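Let me begin by presenting the structure, written as structure tokens, before commenting on it.
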Amino acid sequence: MGIEATLRVLNEMQAAGVLADYAIGGAVAAFLYIEPATTLDLDIFTAWTPSPGGLLTPQPFYEYLAGRGYKNYEQEAIVVEGWAVQFLPLGNSLLEEALKEAADVKIKGVLTRVFTREHLMAICLQTGRQKDTIRLLQFIQEGSADMERFAEILQRYNLSQAWETFQTRHLKSR
Amino acid sequence: MGDLPNTPSEIPVKFLTVEEIYAAKEARRKYLAKLPIDQKIDLIEQLHEFGKTMIEARKSLPKQGASETLVRCAAGGKGQRPEGGQPGSERV
């Protein structure tokens with residue numbers, strides 16, 4: 001049992017039409033680009049299906065997984081093959097673009113999709129929690145990001161000012 | 001083997017400088033960042049297991065409020081309340 005088993009289940013959900021296009025974001029995605037650290041869950045970004053009343057809900061994912069015997073939860077995440085999976089909606093246009101432009105990656109032989117490093121960096125900047133700041137600094141320190149592409153993303157999603165502020169606070173004093 | 005030092009004071013010890021420690025950490029960071037994906041996944045899995053173990057271990061810690069811990073520390077770890085204190089007055 002490993003993350004590839006979890007991804008296999010997600011791909012089967014997709015094949016069954018329960019899950020739309022998805023991509024890995026959050027810590028696991030970031031750790032594929034930067035130095036890995038401890039994480040407890042696997043963030044899956046995908047479009048949530050509207051219920052008959054029009055409400056966007058992850059309920060169909062949980063029902064499908066419950067039908068396959070996955071009934072354990074860790075806070076808001078459901079445990080699938082040892083990994084606590086959190087289904088996150090595409091809450092804004094940056095996340096929608098991140099999903100659209102996600103990279104195809106094979107993890108232990110299982111094909112999946114992962115947000116690009118430039119999108120992950122922009123999401124860190126937009127989200128702005130302390131751990132996002134640290135992660136963004138790690139991306140910059142790692143030095144492999146396409147900074148032109150990153151700047152274009154920032155411009156498209158009105159994050160250029162936030163980037164200026166970030167640089168003043170965390171980079172220019174170095 | 002007979003030439004080996006047999007007391008700790010005779011063992012040559014080299015202390016790293018801050019710069020050397022920083023350089024070693026930096027080299028490690030670069031090495032880990034550039035690992036092939038499947039090796040990274042192995043590492044992430046190990047760290048994930050470690051994280052789960054730590055969370056479980058945390059659950060087994062005695063349920064002790066932070067304020068009580070502080071008072072215990074201030075009282076030299078003897079669990080004393082401040083003089084004249086009533087149960088519950090130990091908040092700091």
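Here is how the numbers come out for the structure above:
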{"item": "Relative contact order (%) - chain A, alpha-carbon pairs under 8 angstrom, separation at least six", "result": "22 percent"}
{"item": "Gaussian network model of chain A, springs between alpha carbon atoms under 10 Å - residue of A:19, A:90, A:55 with greatest fluctuation", "result": "A:55"}
{"item": "The stretch A:49-67 and the stretch A:125-174: distance between their alpha carbon centers, rounded to Å", "result": "35 Å"}
{"item": "Cα-based shape type of the stretch A:74-174, given that a ≥ b ≥ c are square roots of the gyration tensor eigenvalues and the cut on a/c is 1.5", "result": "prolate"}
{"item": "Mean residue ellipticity (222 nm) of chain A, computed from DSSP H runs ≥ 4 via -39,500 (n - 2.57), nearest 500", "result": "-13500 deg cm²/dmol"}
{"item": "Karplus-derived 3J(HN,Hα), 6.51/-1.76/1.60, for each residue of the stretch A:26-39, Hz, glycine and proline x", "result": "x, 5, 4, 4, 4, 5, 6, 10, 10, 4, x, 9, 6, 9"}
{"item": "Long-range amide H partners of residue A:81 with built H, under 5 Å", "result": "none"}
{"item": "Cα extents of chain A along the three principal axes, largest first (Å)", "result": "54, 38, 28"}
{"item": "FRET efficiency, residue A:92 to residue B:27 (Cβ-Cβ, R0 51 Å, nearest 0.05)", "result": "0.85"}
{"item": "Amide H within-cut-off set for residue A:105, under 5 Å, with H built and near neighbours excluded", "result": "A:112, A:113, A:114"}
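No value in this document is a laboratory result; all are computed from the given coordinates. Not measured: the values here are computed from a predicted model. Every residue, glycine as well, gets a Cβ built from its backbone with ideal geometry; the counts of neighbours run over all protein chains shown.
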